[in-house]
Amino acid sequence: MNVYPSSLDATGLRFAVVVSRFNHLISAALLEGCHETLLERGADSDDVDVAWVPGAFEIPQAARTLAKTGRYAALVTLGSVIRGGTPHFDYVCLGVTHGVRDVMRETDVPVALGVLTTDDVGQALARAGGAEGNKGSEAALAAIEMARLCPALLQRPRGGA
């Protein structure tokens, strides 16, 4: 069996992080977790660019623009959409998810989805550095791994599992 290598080493990689200002407290905590993880894994702080956008729905457009520059090994998208009393939640969640997916399809740049979709603020806080960990950190790890894996997929895999 031939296996493609996996790595969580961010050394020498450049990242863009797109963050929603809406629900700012949660977004800031996700960004902190993301940034700390990128640095812990070897990224240089000067190689992490952050773009704040008004809300989650605007994340895909900023991500697409950044991905098209060719400057980044991967992108991380961060924010939170908290359910309310109207169907707005569903439309925003679908728009963000499909939009981020389309960015990856159109640009071949890995994009980690760190946008929380929760029923209430308590659930969001639990996932932004609380009892459930920090999903910003998890998204950073996914971005690093995909930034290393995608170029490797263009080569022949190494033997062994």
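What follows draws every value from the coordinates through simple rules; no lab data is involved. Just so it is clear, the structure is predicted and the values come from calculations on it, not from any experiment. Neighbour counts run over all protein chains shown; Cβ positions are idealised from the backbone, glycine included.
Exposure proxy shown here: for PHE15, PHE57, PHE89, the number of other Cβ atoms within 10 Å sets the order, fewest to most, as PHE89, PHE57, PHE15. Proximity of backbone amide H atoms, modeled 1.01 Å from N, is registered between VAL50 and VAL17 at under 5 Å, excluding neighbours fewer than 5 places apart on the same chain.
Against the chain, whose longest principal axis is taken from its Cα atoms, helix 88-107 shows a tilt of about 20°. Placing unit charges on the Cβ atoms of the charged side chains and taking the dipole of segment 11-146 about its Cα centre, the candidate lying farthest along the positive direction among LEU30, TYR91, LEU125 is TYR91. Can you classify segment 11-146 as rounded, prolate or oblate using the Cα gyration tensor, where a ≥ b ≥ c are the square roots of its eigenvalues, rounded means a/c under 1.5, and otherwise it's prolate if a/b beats b/c and oblate if not? Oblate, because a/c is 1.5 or more while a/b does not exceed b/c.
Take GLU145, GLU106 and order them by how many other Cβ atoms sit within 10 Å, fewest up front. It would help to have the intermediate numbers written out before the result.
Details: GLU145 19, GLU106 11.
Least to most surrounded, the residues fall as GLU106, GLU145.
Name the shape class, rounded, prolate or oblate, that the alpha-carbon gyration tensor gives for segment 33-73, where a ≥ b ≥ c are the square roots of its eigenvalues, rounded holds for a/c under 1.5, and otherwise prolate holds if a/b is larger than b/c and oblate otherwise. Because a/c hits 1.5 or more and a/b fails to exceed b/c, segment 33-73 counts as oblate.
How do SER6, SER20 line up, fewest other C-beta atoms within 10 Å first? Don't jump to the answer; show the numbers that get you there.
Working: SER6 10, SER20 27.
Placing the least packed residue first, the sequence is SER6, SER20.
Of all DSSP beta bridges confined to segment 51-161, the antiparallel ones make up roughly 20%.
Tally Lys and Arg at +1 and Asp and Glu at -1 over the other residues with C-beta under 10 Å from the C-beta of ASP49: what net charge comes out?
Details: positive: ARG14, ARG71; negative: ASP46, ASP47.
Net charge in that neighbourhood comes out at 0.
The tail of the calculated P(r) for segment 79-132, taken as Cα-Cα distances beyond 15 Å, holds 53 percent of the pairs.
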